[in-house]
1. Does any residue of segment 129-151 turn out to be among the hydrophobic types (A, V, I, L, M, F, W, C), under 21 Å from Thr78 (Cβ atoms) and touching a Ser or Thr at 6+ places or on another chain (Cβ under 6 Å)?
2. Yes or no: segment 43-55 includes at least one residue that is in a strand (DSSP E or B), modelled with pLDDT of 95 or more and either touching a Cys at 6+ places or on another chain (Cβ under 8 Å) or surrounded by fewer than 20 Cβ atoms within 10 Å (Cβ to Cβ) (or both).
3. For Leu35, indicate whether it is out of contact with any His (no Cβ under 6 Å at 6 or more places or on another chain), modelled with pLDDT under 95 and within 23 Å of Pro143 (Cβ to Cβ).
4. Can you name the residue in segment 26-40 that is loosely packed, with under 13 Cβ neighbours inside 10 Å and over 15 Å from the mean Cα position of the chain (by Cα) and is also nearest to Asp135 (Cα to Cα) among such residues?
5. May I ask you to say which residue of Asp31, Asp70 is over 16 Å from Pro177 (Cα atoms) and charged (D, E, K, R)?
6. What number of residues within segment 64-76 satisfy the criterion of being surrounded by 18 or more Cβ atoms within 10 Å (Cβ to Cβ) and touching a residue at least 60 places away in the same chain (Cβ under 8 Å)?
Amino acid sequence: MRKIVFILMFSLIATGTPVSAHQIAGVDIPDTVMLADDGTSLVLNGAGIRKKFFMDIYVGALYLPAKTADPAAILADTGPASVLMHFLYKEVSKDKITGGWNDGLAANHTLVEMAALQPQLDAFNALFDTARKGDLIRIDYNPGSGTQVLINGTVSGTVPGEGFYRALLRIWLGAHPVSKALKQGMLGKH
């Protein structure tokens, strides 16, 4: 009888303790996010770590209306989406963050495309500041308003336009991603 009681108690403790469904590098990755503008709920497509020179920079997670492992379908879609970046590194300066956007876009777009994106990229870059360990940057796309940046839950600003967000997604999902391992993670292939 004591053995049965022990097993029942252990079962209750084990099932009553919440366990994160998705955790990377000690960071809990939410299963869903809601867009700040209209409350649209998006599901976690996948996540991974952005590494540079053997250092963990941030955990990146991609949220979509429905999961897919097809980067071409994600880049062609015009619906809502979100990228969550949870910084792991002690400090990433504004210059490094904006330089990363510039380099990532340039690696996946022609000079003509970059020239067309430049006004939106300038407005986007102006929304950032130095990121520190534990900071959360979320980049949402809402078809009604454009690309919205939230830093630690506070709206930093919005860049209007439909195509800019998909151009940004090429940084992670394009032919020349910032990290092949992060691309695979965001596509849910890890």
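The values are calculated or read from the model by the stated rules, or taken from the named source; none is laboratory data. Note that the structure is a prediction, hence the values are computed from the model and not measured. Counting neighbours? That spans all protein chains shown, and the Cβs are built from the backbone with ideal geometry, glycine included.
1. Looking through segment 129-151, at least one residue is among the hydrophobic types (A, V, I, L, M, F, W, C), under 21 Å from Thr78 (Cβ atoms) and touching a Ser or Thr at 6+ places or on another chain (Cβ under 6 Å).
2. yes
3. So Leu35 passes the test.
4. Gly26
5. From the options Asp31, Asp70, the qualifying one is Asp31.
6. Counting residues in segment 64-76 that are surrounded by 18 or more Cβ atoms within 10 Å (Cβ to Cβ) and touching a residue at least 60 places away in the same chain (Cβ under 8 Å) gives 2.
To keep it simple, each residue is scored yes or no on (1) aromatic (Phe, Trp, Tyr); (2) under 16 Å from the mean Cα position of the chain (by Cα); (3) modelled with pLDDT of 95 or more.
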{"residue": "Ala106", "(1), (2), (3)": "no, no, yes"}
{"residue": "Asp122", "(1), (2), (3)": "no, no, yes"}
{"residue": "Asp140", "(1), (2), (3)": "no, yes, yes"}
{"residue": "Gly157", "(1), (2), (3)": "no, no, yes"}
{"residue": "Glu162", "(1), (2), (3)": "no, no, no"}
{"residue": "Leu168", "(1), (2), (3)": "no, yes, yes"}
{"residue": "Gly188", "(1), (2), (3)": "no, yes, no"}
